[in-house]
Amino acid sequence: MDLGLLFTYGVAICIVYGAYHGLGIGQTIWVLPQERRLRIALSNWVLEKFWPSAQVCLKVPIVLFLRHLLGSVDRFGQCATAVIVLIVFWGLTAVMGNTFQCWPVQYFWIKHIPGY
């Protein structure tokens, strides 16, 4: 859970960074100067990596605790293990999907290069 807390700090830092540079003040991102838009987009790209990682690192220990607590219940251990596997695969898929949602990857924050 400590690792999940660190990833959550990363999420908070990215959100505060975006707010400090003008995101969320009643304007769209397109009215900001180009350099600020680039910084905010890069911050959002990094944020998308921290959030699923934090979710996985916080949910798995909770399920492990429940498995330990309710391990004597028939078949609960197997179901808890299946849920853990599902959480981990969801986290890996989310990080990979968020990373490669644009090709090339830099197109997420640099829109003037060729890409999609």
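The values are calculated or read from the model by the stated rules, or taken from the named source; none is laboratory data. In this text, all values refer to a predicted model and were calculated from it rather than measured experimentally. Cβ placement follows ideal geometry from the backbone for every residue including glycine, while neighbour counts extend to all protein chains displayed.
Of all residues in segment 26-49, none are without any contact (Cβ under 8 Å) to a residue 40 or more places away in the chain, of a type outside the set (Gly, Ala, Ser) and farther than 29 Å from Gly115 by Cβ.
Of everything listed in (1) under 30 Å from Arg36 (Cα atoms); (2) in contact with a Lys or Arg (Cβ under 8 Å, 6 or more places away or on another chain), the single unmet condition for Thr81 is (1). Scanning segment 16-56 for residues being over 17 Å from Val88 (Cα atoms) and within 12 Å of the chain's Cα centre (by Cα) gives a total of 5. Residues in segment 49-77 that are farther than 30 Å from Val105 by Cα and surrounded by 17 or more Cβ atoms within 10 Å (Cβ to Cβ): Val63, Arg67. Summed over segment 22-47, residues that are surrounded by 18 or more Cβ atoms within 10 Å (Cβ to Cβ), touching a helix residue (DSSP H, G or I) at 6+ places or on another chain (Cβ under 6 Å) and at pLDDT 80 or above total 5. A single member of Ala12, Ala19, Ala80 is of a type in the set (A, V, I, L, M, F, W, C), farther than 18 Å from Phe108 by Cα, buried (at least 18 other Cβ atoms within 10 Å of the Cβ) and without any contact (Cβ under 8 Å) to a residue 40 or more places away in the chain, and it is Ala80.
Conditions (1) part of a helix (DSSP H, G or I); (2) within 30 Å of Ile29 (Cβ to Cβ); (3) at pLDDT 90 or above; (4) among the acidic types (Asp, Glu), marked per residue:
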position: Lys49; (1), (2), (3), (4): yes, yes, yes, no
position: Leu64; (1), (2), (3), (4): yes, no, yes, no
position: Asp74; (1), (2), (3), (4): no, no, no, yes
position: Trp90; (1), (2), (3), (4): yes, yes, yes, no
position: Val95; (1), (2), (3), (4): yes, yes, yes, no
position: Ile113; (1), (2), (3), (4): no, yes, no, no
